[in-house]
Structures are given as structure tokens and as C-alpha cells.
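Just below is one structure, and these are the notes that go with it.
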Amino acid sequence: MSRYLTEPAHTHGNVAKTGILLINLGTPDAPTKQALKPYLKEFLSDPRVVEIPRAIWWLILNGVILTTRPKKSAAKYAAIWTSEGSPLRFHTEKQAKLLKGWLGERIKSPFVVDYAMRYGNPSVASAMTRLSEQGCDRILALPMYPQYAASSTATAFDAVYQILETKRNQPALRTVRHYHDDPGYIAALAANVHEYWMRNGRPEMLVMSFHGVPRYTLDKGDPYHCECQKTARLLAETLGLSKTQYQLTFQSRFGRAEWIKPYTAATLEELGRAKTKRVDVVCPGFVADCLETLEEIAMEGKQTFLAAGGGEFHYIPALNERPDWIAALGELTLTNLNGWVSPQWNAAQVVQHGEDCRARAIAAGASV
Ligand SMILES: C=CC1=C(C)c2cc3[nH]c(cc4nc(cc5[nH]c(cc1n2)c(C)c5CCC(=O)O)C(CCC(=O)O)=C4C)c(C)c3C=C
Ligand SMILES: [Fe+2]
Ligand SMILES: [Fe+2]
């Protein structure tokens, strides 16, 4: 049997169609131990996420982590689950719909916007199939991670490449590697914080908390650390903050290895012990609220800060469906679609292949 899929019969005269695929990390189907186990297994079996030798990791993952973590993680997910399901999933779905609307007002060339989760559902494979079935012969893969990390961005691309490896009739592919310093993204982040402060007043300290990664990834050349630093600096500059008014920290440490520092939890504890009157936390690396922001920061982080003696704690929500963020995402998409889409209907895109069709029919044995 061929390792390459049989494709629908090639037809002539098709208009090029662009598929824009938003990819986020993933989420379980339900906040239960049963749903967490396969989700965590898929996630933590990815060698981009845990780089220790496979045989050793297989024993730790199956012998320890998957016997204890699903229950603990399910309880955390249950605390943030909504009637619409997982916040990460529904925000990503809404972002995709809004992006479609934004682009629809600006381009006339055929396009489709869809979204996928790197782990769990809707999978990258299912989204690629949907795009293919709709005739997309050009794909833009856009991870919902402004800062590039091998454990988030590269593995999202790997999932797309794995699908393409099976295809006989491959679409053209473009990838958006990062947008950590994109002016529209930074402006939306700053406006989000600024509006929050207009409504609620200012804190003594703004903590900008990014998802962490193992320290060895920085030593091995992953640019993630630098990209977080740059986002934080640009956000602080746009807000007019001095270096004493904000701190950059890294959250969500997993496992025993050292991760990039300073850790968010340790910083919140120190700020609490120092009797800081008010701390606001914003998570610029998460463009949608999720477990890591709503539970780890807004609940656990708050508890850590208050228990250590801190005053007031505020979590500033992620960009989610903010119109300025959707516009920034739209501009970013248009830039990366350069030459693929047009604001006008372009008659030249409709190519008549009469002669080619005739040649194909002759090759197939017809007497034309
Ligand atoms: C923002 C980008 C992300 C990077 C980089 C990243 C690296 C990374 N994550 C883990 C382990 C876990 N992360 C978990 C949840 C989670 N991680 C991100 C984003 C990044 N992770 C998001 C958006 C989420 C939330 C998902 C949701 O459903 O809301 C989890 C699962 C939850 C739990 O059981 O705690 C784990 C585990 C590692 C090891 C890693 C880098 C090596
Ligand atoms: Fe993570
Ligand atoms: Fe750096």
C-alpha cells in the first residue's frame, strides 16, 4: 500500500484558495481524570516538550505522571471550566470567527479560517483535512504564540508537516514563526493594561508573567527567553513604565529540572513578604485565557501573594476577543499572505485549462 494518500481527481480551472489555520496548544475534552489522561499522554509524549531519553521518560510518564497528574489537573480544569467548555478552546474558536470576519471585509480572494489544537481536539490532522476538502491549495499556519519556542511553535509546525508528508497533492505552506514585537500586538497589550488601570487604578508593581521553559532550551539556542524579554520591554515602554515598576517572570514550571527564572510564584511570594500594597499580573504570552492564567495566576498566584502578606492582587485578562487584537492578528495575517490574496477579485486567478484538460483526457485513453 502506498504511504501517500489517494487524492480527489485533479480538476482544472480551480481558483487558488487559502486556508488560514490558527493553532493553539490544546486542552482536554472535559475536566475529568478520564479525559485528562489521554490528553496529557499525547502532550507529554511529544519529544519537543520533554527532551529526556525516550525509554527513561516512558517509564516516568506511564509509571508516575499519568497515575497521579490527571486527577490533580482535572480538579484545576474543573475550577475554570465554563458552560462553553474550556476557555482556551472557546476563545480560540471565537478568535478564528472574528478573524474570518475581519479578513472578509478586506480581501476578495477565496479563503477559509479554521483552528486546531496541537494536542486534543480539534486536532491539526482534522483541521488539515477540512481545509483540504474545501479546496485549500495554500495554507498559512499561524500559532497563537507570539514568542517562538520549540516546545510550542516548532511542535505546532511539526504537526502540520506530518500531515503534508502523507499528501500526494501538497498545498503550498507558509508559517508565522513569531510576532513578539509586532506593533499591533504590543499596542493591543498596552491598551488592555491601560484600560484596566483606567477602570481599577494602578498597582505598585506590574508582573508580566510568561509561560516558562526548561533552562537547557535557552542554553541550546531556543530564542524564547529573548523574545519574552523584548515583548516585556516594548510593553513597558509603551505603558511608560520605569524598570522599578514592572518585573518579568516565568510560570508553570513542570518537573524537577531548572526552568528559566525568575519564577512567577517565587516572585509573588517575595512581593507579598515585602508587603507590596497591590500587584497586577498580566500574561502577554497567552493571547487567550486558559488554565495557566485563570487557575495558576488568578487563583493560585493570588493565594500565594496574599498568604505571604501582600495587599491587593489583580489579574488582567488576556487579549481574547479584543477588537484591537483581532485587527493586529488580521494585519499580521495579511502581511504573511502577501501575493496570495487580493482586495479585488482578480480575473486572472481563474485560469481556464481547456488544453490541459484535453491532454489529460488523452493520457487517460480517451479519443478526443
Ligand atoms: C505559551 C506557550 C507555551 C509553552 C512554551 C509551553 C511549554 C511547556 N508546557 C509544559 C507543560 C504543560 N503545559 C500545560 C498547559 C498549557 N501550556 C500552555 C502554553 C505553553 N506551554 C497553555 C496555553 C496551557 C493551557 C492549556 C489549557 O487547556 O488551558 C500543561 C497541562 C496542564 C497541567 O496538567 O498542568 C502541562 C503539563 C511543558 C513541559 C513545556 C515546555 C517544555
Ligand atoms: Fe505549557
Ligand atoms: Fe535572552
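The values are calculated or read from the model by the stated rules, or taken from the named source; none is laboratory data. Every value quoted in this text rests on a predicted model; they were computed, and no experiment measured them. We place every Cβ from the backbone using ideal geometry, glycine too, and count neighbours over all the protein chains shown.
If you go through the range 156-174, how many residues are within 16 Å of ligand 1 (Cβ to nearest atom) and either of a type in the set (Asp, Glu) or closer than 23 Å to ASN320 by Cα (or both)? Show your work before the answer.
Initially, the range 156-174 is screened for residues within 16 Å of ligand 1 (Cβ to nearest atom), giving 156-159.
Retained after the next criterion (residues that are either of a type in the set (Asp, Glu) or closer than 23 Å to ASN320 by Cα (or both)): 156-158.
Selection size over the range 156-174: 3.
Tell me yes or no: at least one residue of the range 265-284 is under 15 Å from TYR145 (Cβ atoms), modelled with pLDDT of 95 or more, under 17 Å from the mean Cα position of the chain (by Cα) and part of a loop (DSSP other than H, G, I, E, B).
Looking through the range 265-284, at least one residue is under 15 Å from TYR145 (Cβ atoms), modelled with pLDDT of 95 or more, under 17 Å from the mean Cα position of the chain (by Cα) and part of a loop (DSSP other than H, G, I, E, B).
Could you list, in sequence order, the residues of the range 278-309 that are over 20 Å from ALA236 (Cα atoms) and among the basic types (Lys, Arg)?
The answer is LYS302, and nothing else.
Quick one: which residue in PHE254, PHE286, PHE313 is in contact with a helix residue (DSSP H, G or I) (Cβ under 7 Å, 6 or more places away or on another chain) and within 13 Å of ligand 1 (Cβ to nearest atom)?
PHE286
Examine the range 197-205 for a residue that is at pLDDT 95 or above, within 30 Å of PHE305 (Cα to Cα), crowded, with 18+ Cβ neighbours inside 10 Å and away from ligand 1 (no atom under 16 Å from the Cβ), and state whether such a residue exists. Steps first, please.
Going through the range 197-205, the residues at pLDDT 95 or above turn out to be 197-205.
Restricting the remaining residues to those that are within 30 Å of PHE305 (Cα to Cα) gives 197-205.
After this cut, where a residue has to be crowded, with 18+ Cβ neighbours inside 10 Å as well, the list is 203, 205.
With away from ligand 1 (no atom under 16 Å from the Cβ) added as a condition, the list becomes 203, 205.
Checked the range 197-205: at least one residue is at pLDDT 95 or above, within 30 Å of PHE305 (Cα to Cα), crowded, with 18+ Cβ neighbours inside 10 Å and away from ligand 1 (no atom under 16 Å from the Cβ).
What's the number of the condition VAL160 fails, among (1) crowded, with 21+ Cβ neighbours inside 10 Å; (2) more than 30 Å from THR6 (Cβ to Cβ)?
Here VAL160 meets the rest and fails (2).
Go through (1) at positive phi; (2) in contact (Cβ under 8 Å) with a residue 24 or more places away in the chain for GLY221 and report which single condition fails.
GLY221 satisfies all of (1) at positive phi; (2) in contact (Cβ under 8 Å) with a residue 24 or more places away in the chain except (2).
From the set of residues in the range 2-42 that are touching a Cys at 6+ places or on another chain (Cβ under 6 Å) and closer than 28 Å to THR333 by Cβ, which is surrounded by the most Cβ atoms within 10 Å (Cβ to Cβ)?
GLY19
Name every residue in the range 271-323 that is closer than 18 Å to VAL193 by Cα, hydrophobic (A, V, I, L, M, F, W, C) and more than 16 Å from ligand 2 (Cβ to nearest atom), in order of residue number.
Matches in the range 271-323: VAL279, VAL281, VAL282, ALA298, PHE313, ILE316, LEU319.
Of all residues in the range 130-150, which are more than 12 Å from the chain's Cα centre (by Cα) and over 24 Å from ASN338 (Cα atoms)?
Listed by number, the list holds a single entry, ALA150.
For the range 214-263, enumerate the residues that are of a type in the set (Ser, Thr, Tyr), in a loop (DSSP other than H, G, I, E, B) and surrounded by 15 or more Cβ atoms within 10 Å (Cβ to Cβ).
SER252
Going by what's in this entry, would ALA236 be described as within 16 Å of ligand 1 (Cβ to nearest atom), among the hydrophobic types (A, V, I, L, M, F, W, C), within 24 Å of the chain's Cα centre (by Cα) and over 18 Å from MET144 (Cβ atoms)?
No, not satisfied.
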